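The values are calculated or read from the model by the stated rules, or taken from the named source; none is laboratory data. None of the values given here were measured: they were computed from a predicted structure. Methodologically, a virtual Cβ is constructed for each residue, glycine included, from the backbone with ideal geometry; neighbour enumeration extends over all protein chains shown.
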Amino acid sequence: MHTQTFSRALMAAALFITIAGHAADKPKEGSFGGGKATGAFLTRNQLRDCMAQQAKVKQTSAEMLSMQEKLNADKAEIGKTGETLKADLEALDRTNAEAVNAYNERAVARDKKIDEYQQQVDQFNSRVDAVRNEREAFSKACENRRYFEDDEIAIRKGK
């Protein structure tokens, strides 16, 4: 009787170890986005595509931030030049042809900078739309999708 109880306990322990071993073998999951991941797991090729899209979105976002900072600096410079021109106009000796011509040249140069700035703003706005479309495509294809972390590690290693 005692051997039978010991045998059952031994079998139960072996079964527990087997179940625990299988639970430990379950691959770790990852997901894109902050929400609850649902649906089928991404294949390795889909994960590779999503990782590439994510990297492109991050890169273009960083580029856009840099462009925006440059545009803000250019806008501030144009504003400062405008204030300087306004002050110079009040003090301008209109009887001095050289002074008037010099003022007019600076005003034309400022107008040219404004035109260039406006072109850059238009280009920036077009790129904003393109970046928005890239983000939406990434979100639709990848966000809140599950994948196996082992696949991610393999891709990062070049496999």
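For the reader, a short list of remarks on this structure follows.
- Here the condition is being at pLDDT below 95, hydroxyl-bearing (Ser, Thr, Tyr) and assigned to a helix (DSSP H, G or I); of 60, 95, it holds for 60 alone.
- Number of the condition not met by residue 141 [criteria: (1) modelled with pLDDT of 95 or more; (2) in contact with a Cys (Cβ under 9 Å, 6 or more places away or on another chain); (3) among the aliphatic types (A, V, I, L, M)]: (1)
- Test: residue in the stretch 114-132 that is surrounded by 14 or more Cβ atoms within 10 Å (Cβ to Cβ), within 25 Å of the chain's Cα centre (by Cα), closer than 29 Å to residue 59 by Cβ and of a type in the set (Asp, Glu): no
- The residue that is surrounded by the most Cβ atoms within 10 Å (Cβ to Cβ), counting only those in the stretch 59-89 that are touching a helix residue (DSSP H, G or I) at 6+ places or on another chain (Cβ under 7 Å) and of a type in the set (Asp, Glu), is 74.
- Residues satisfying the stated conditions in the stretch 118-150, i.e. assigned to a helix (DSSP H, G or I) and touching a Leu at 6+ places or on another chain (Cβ under 7 Å): 120, 121, 124
- Near pairs, Cβ below 7 angstrom, 6+ apart or cross-chain, from the stretch 97-109 (among the small types (Gly, Ala, Ser)) to any residue that is assigned to a helix (DSSP H, G or I): 107/85
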